[in-house]
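K.L.:
Here it is, the structure in full.
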Amino acid sequence: GLLVPTTTRSGNLKSLMASPSLKNSGFETTSNFFELLLSFKIDSILSPVPNGTVDLVTIILYELIFLEKIRYEFYGSQSYIGVKKNIILKWIRRIELLKQKKNTEVKDIFYVSITKYFLDLFEGKQKIDKKSIESIVTKENQEEFFTELEKLPHFINSQELFLKKSLKLLRLIYP
């Protein structure tokens with residue numbers, strides 16, 4: 001059937017087919033992130049949580065949000081040189097600000113390492129800052145962490161698979 005435009009409150013007509021480029025950009029899928037996260041069995045994602053602390057759950061959720069932002073910024077900027085340049089500058093500033101902190105936390109090291117990794121991917125290099133990562137991942141988990149991190153960019157186009165890989169990475173940091 002025909003798709004009839006709807007009338008907005010201001011009286012303007014709005015097409016039901018509007019912004020196909022936005023739909024194809026990957027940005028539309030970011031709103032599905034929390035829905036997707038909830039579709040997983042929460043206990044299988046976040047438990048066992050050592051000592052039952054809520055702090056660890058909160059940290060993991062914030063790091064998942066961070067990884068999702070990296071995913072959609074990287075994916076969504078591929079076709080737009082100006083956007084890509086702005087995101088690169090934003091990521092460089094993020095690294096500089098985190099490096100200025102006096103007390104470095106595991107999450108800060110993780111943010112800097114992942115941001116550097118994706119900055120290198122923008123330049124066509126797949127380089128991992130192993131020294132930083134080694135300080136936040138146990139020796140037993142390091143090899144698996146590096147292997148999983150190298151696979152992560154292959155799932156940029158799939159929010160669900162990227163989320164699953166991200167969870168696996170975080171479980172290696174917080175066993």
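K.L.:
Mind listing whichever residues of region 89-121 are of a type in the set (Ser, Thr, Tyr) and either open to solvent by 50 Å² or more (accessible area, probe 1.4 Å) or within 15 Å of residue 69 (Cβ to Cβ) (or both)? Step through it out loud before you land on a result.
P.N.:
The first filter runs over region 89-121 and keeps only residues of a type in the set (Ser, Thr, Tyr), leaving 104, 111, 113, 115, 117.
Hits for region 89-121 are 104, 111, 115, 117.
Residue-wise test of (1) among the small types (Gly, Ala, Ser); (2) more than 27 Å from residue 76 (Cα to Cα).
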| position | (1), (2) |
| --- | --- |
| 133 | no, no |
| 137 | no, yes |
| 148 | no, no |
| 152 | no, no |
| 158 | yes, no |
| 162 | no, no |
| 167 | no, no |
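K.L.:
Among residues belonging to region 56-88 that are of a type in the set (D, E, K, R), surrounded by 16 or more Cβ atoms within 10 Å (Cβ to Cβ) and within 15 Å of residue 155 (Cα to Cα), point out the one that is farthest from the chain's Cα centre (by Cα).
P.N.:
Filtering region 56-88 for residues that are of a type in the set (D, E, K, R), surrounded by 16 or more Cβ atoms within 10 Å (Cβ to Cβ) and within 15 Å of residue 155 (Cα to Cα), the one farthest from the chain's Cα centre (by Cα) comes out as 73.
K.L.:
Now for a separate question. Find the helices (runs of 4 or more DSSP H) located wholly in region 13-108 whose residues include 2 or more that are of a type in the set (A, V, I, L, M), modelled with pLDDT under 85 and within 23 Å of residue 133 (Cβ to Cβ), and list them.
P.N.:
On the way: elements: 20-24, 33-39, 42-46, 54-76, 81-100.
It comes to 42-46, 54-76.
K.L.:
Suppose we keep only residues that are touching a Phe, Trp or Tyr at 6+ places or on another chain (Cβ under 7 Å) and not in a helix (DSSP H, G or I) within region 130-175. Which one would you say is surrounded by the fewest Cβ atoms within 10 Å (Cβ to Cβ)?
P.N.:
Here the answer is 157.
The values are calculated or read from the model by the stated rules, or taken from the named source; none is laboratory data. Just so we're clear, the structure is a prediction, and the values are computed from it rather than from any experiment. Using ideal geometry, Cβ is built from the backbone for each residue, glycine included, and neighbour counts are taken over all protein chains shown. All accessible areas refer to the heavy atoms of the entire protein, side chains included, with ligands and DNA or RNA removed. Shrake-Rupley method; radii C 1.70, N 1.55, O 1.52, S 1.80 Å.
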